[in-house]
Structure formats: C-alpha cells, structure tokens
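Beneath this line is the structure, given in structure tokens, with notes to follow.
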Amino acid sequence: MKQYRVVIADSDPACRKTLKTMLQQAGYVVVGEAHDGLSTIKLIRNRQPDLVIMEDRLAMADGEEVATIVQEEALAPVILMTSYDQIQFSDRDKTLREYAYVIKPVSEQNLFPIIELVMRYYRRIRELEEEVARLKDMLETRKLVEKAKGILMETLGLSEAEAFRRIQKQSMDKRMSMKAVAKAIILAYELQAADEKDKKS
C-alpha cells in the first residue's frame, strides 16, 4: 500500500488522536492536524498532503466549505466525517457538490475502503484534466502554426509544405517548440506591420 500523506481535522482532540493512531498503524503518514476550518486550509496548502480527512462541522469554516476550496484549487481529495443525520440533511438540502463521507465513529472497516476508492477516483480525474489540457495545447499549437504558415506563404512566397518545413526546421535548430516558433513569426510579422503603418501615418 502506498504511504499516503494525510492531514486530519476534527474539533475533538480525542477523535483526532484515535484517527491518527488508526492511520499510522495502517501505514499512512499523518503530516498535520487541525481543529478548525481556517487552520485546516492553511495546513493543507502548507503540507500538500495526498489526502484530507476532516469533520464536516468545523469552527471558522465548516468542512464542506473547506472541501469546496480544496477541490477548486485541486489540492487533495477530501473525505468528510459526519453523522447519519447530517448526511440526510445534506441530501434534503440538495447540496450541489458531492463529497465522500464516512460515518462516525470512524473504524478501519468503514474508512480504509473509502480511502482507496477516493484516491483512485482523484487520480483518474487528474489524468483526465491533464489529457484535456494536452489536447487544448495541441489545438492552440495547430492554430498558431497554421497562422504562421500563412504569414510565411504570403511574405516569402512559399508553398504550404515549404512553410511548414521552415517552421519545423527552426524548431529543431533553435530547440524551441513549434508553438514558440509560430508565436515568434506571428509577433515579428505584427510588429513589422505596425511599424510600416506608423511610417505611413
């Protein structure tokens, strides 16, 4: 089992101690503890844990508020500890965000399977986000290269294939990405066009 680095947050010191002991005995590394919402946020940003396990009702910022911030900033996956009645209330309140919950009192049987599930889900989400970012970058690169090719074809009288090979060669010679080369070509063209416009005016 991977030694996940965990931050735990609970207003009850006894609960924190019990949870910490349980996690450490199972091979997890507890890198920080907090007793209220604001301290939890600061601790998470500072320690950068693999996982956060916290009470859903914390002072100065409740668990769901903290979980929202943590998820929006993609800091770590979150498991909220709560009572059955509070989960029912959240359902009735039709909370827009969904979190992983574990019922108090927390035990190995109800916590550890959820940890593994949450970690797999979080890794999958991160992988999908990275893939989306990669595809967006590819699309942006393609658009920039197409624009740069058009400029070279117009200004140097090159064919589309020749313009592409020139960008490709500059990329290899200068050890720059084709995206960076295309941006440089576009910028140089725009600066020259602006300079010529100024001379005419």
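Laboratory data are not the source of any read-out in this text; all were calculated from the coordinates shown. Computed from a prediction, not measured in an experiment: that's the story for all the values here. Every residue, glycine as well, gets a Cβ built from its backbone with ideal geometry; the counts of neighbours run over all protein chains shown.
Odds and ends about this structure:
- Residue of G37, G157, G27 that the Gaussian network model of the chain assigns the largest fluctuation, springs spanning Cα pairs under 10 Å: G157
- Approximate shape of segment 133-200 as ellipsoid semi-axes (Cα gyration tensor, √5λ), whole Å, largest first: 22, 15, 11
- Taking the longest Cα principal axis of the chain as reference, the axis of helix 160-173 is set at about 60 degrees.
- Candidate values [x] 53, 42, 32; [y] 61, 42, 27; [z] 77, 41, 30, label of the one derived for Cα extents along the principal axes in Å: [z]
- For segment 1-50 versus segment 96-132, the gap between their alpha-carbon centres in whole angstrom: 15 Å
- About the centre of its Cα atoms, the chain shows a dipole size close to 1000 debye [charges on the beta carbon of Lys, Arg (+1) and Asp, Glu (-1) only; nearest 20 debye].
- Flagged links, alpha-carbon separation over 18 Å, of K143/K183; K17/K42; K147/K174; K136/K179: K17/K42; K147/K174
- Total formal charge among the other residues, if their Cβ is under 10 angstrom from that of V31, Lys/Arg +1 and Asp/Glu -1: 0
- Neighbour-limited loop hits for trypsin sites (Lys or Arg not before Pro), segment 112-199 (at most 13 other Cβ within 10 Å; DSSP other than H, G, I, E, B): K174, R175
- Under 5 Å, built H, 5+ apart or other chain: amide partners of I79: V52, I53, M54
- For segment 10-53, the alpha-carbon coordinates run over 27, 22, 11 Å along the three principal axes, in decreasing order.
- With 10 Å bins beginning at zero, the pair-distance distribution over Cα atoms of segment 5-106 amounts to 16, 53, 28, 3 %.
- Dipole of the chain computed with +1 at Lys/Arg Cβ and -1 at Asp/Glu Cβ about the Cα centre; of Y28, M178, G63, farthest Cα towards the positive end is M178.
- Beta bridge orientation in segment 5-106: antiparallel %, DSSP, nearest 5: 0 percent
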